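A short worksheet on the structure shown next.
The values are calculated or read from the model by the stated rules, or taken from the named source; none is laboratory data. Source: prediction; values computed, not measured. Don't worry about glycine lacking a Cβ; one is built from the backbone with ideal geometry, like all the others, and counts go over all protein chains shown.
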Amino acid sequence: MLNDEICKLRDKLNESIISGQDYTVTYKLSIELDELIAKYYRTGKNEKTKEKRTTQKDCILTP
């Protein structure tokens with residue numbers, strides 16, 4: 001699902017920042033994450049109730 005992709009990319013971006021990777025790598029990941037989040041919100045408005053929100057640990061974005 002799109003939400004899973006966002007969670008994985010967010011973790012990858014965080015690791016990039018923490019490990020001090022080259023700025024261009026971090027910037028590219030940030031842009032990719034922004035695009036996925038925008039896509040989530042565009043499609044999520046039509047499918048708000050499809051994803052079940054279970055716990056706070058889940059990486060769920062709320063449109």
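Tabulated values for the structure
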{"read-out": "Leading residue by the ranking (nearest to Thr43 (Cα to Cα)) among those in region 1-25 that are among the hydroxyl-bearing types (Ser, Thr, Tyr) and surrounded by fewer than 16 Cβ atoms within 10 Å (Cβ to Cβ)", "value": "Thr24"}
{"read-out": "Evaluation of Gln21 against (1) in a loop (DSSP other than H, G, I, E, B); (2) at pLDDT 85 or above; (3) within 14 Å of the chain's Cα centre (by Cα) (one fails), failing number", "value": "(3)"}
{"read-out": "Residue tally, condition of a type in the set (Ser, Thr, Tyr) and under 19 Å from Leu2 (Cβ atoms), over region 13-41", "value": "3"}
